[in-house]
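Here is the structure we will look at.
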Amino acid sequence: MLAFRFLLLLILTSLIGYTAVVIANHGIGLLPVFFGDIGKMGWPGQFNLDFSFMLTLSALWVAWRHQFSLPGLLLAGLAAIGGSLFLSTYLLVLSWQVKGNINQLLLGSNRTK
């Protein structure tokens with residue numbers, strides 16, 4: 001679990017730093033670029049479409065883990081737009097909440113009793 005937490009922290013800090021540089025150089029206008037690349041039907045668009053599907057799967061897992069409760073649906077919304085910034089933070093917090101129990105981390109506490 002220590003290695004997993006280290007990986008999550010590495011992902012989180014790397015992505016925060018990279019995002020800060022991109023925003024400083026290009027501004028916050030992500031969505032027109034993101035969807036514009038999809039519309040151009042090139043490799044950047046293919047990557048963005050693939051990434052959109054990964055965000056969808058991440059959001060679905062978060063909602064399922066919380067048994068599609070209102071908090072789970074709200075967290076799923078954050079997962080859908082927050083990407084790895086959200087998911088690495090979410091998993092890091094959960095890893096401490098479940099005291100390192102990977103079954104509870106992945107399935108939720110209600111499904112492991």
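The values are calculated or read from the model by the stated rules, or taken from the named source; none is laboratory data. This one's a predicted model, so the numbers in the text were calculated from it and none came from an experiment. When we count neighbours, we look across all protein chains shown, and the Cβ atoms used for this are built from the backbone with ideal geometry, even at glycine.
The figures follow:
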quantity	calculated
Single residue of ASP37, ASP50 found to be of a type in the set (Asp, Glu), assigned to a helix (DSSP H, G or I) and either out of contact with any Pro (no Cβ under 7 Å at 6 or more places or on another chain) or under 19 Å from LEU78 (Cα atoms) (or both)	ASP50
Enumeration of residues in the range 20-38 that are surrounded by 13 or more Cβ atoms within 10 Å (Cβ to Cβ) and under 19 Å from the mean Cα position of the chain (by Cα)	PHE34, PHE35
Enumeration of residues in the range 39-51 that are surrounded by 13 or more Cβ atoms within 10 Å (Cβ to Cβ), under 17 Å from ILE81 (Cβ atoms) and without any contact (Cβ under 8 Å) to a residue 12 or more places away in the chain	LEU49
Residue satisfying all of: in the range 81-113; of a type in the set (Lys, Arg) and either modelled with pLDDT of 95 or more or not in a helix (DSSP H, G or I) (or both); surrounded by the most Cβ atoms within 10 Å (Cβ to Cβ) among these	LYS99
Among (1) under 16 Å from LEU85 (Cα atoms); (2) more than 17 Å from the chain's Cα centre (by Cα); (3) β-branched (Val, Ile, Thr); (4) not in a loop (DSSP other than H, G, I, E, B), the one test that THR56 misses	(2)
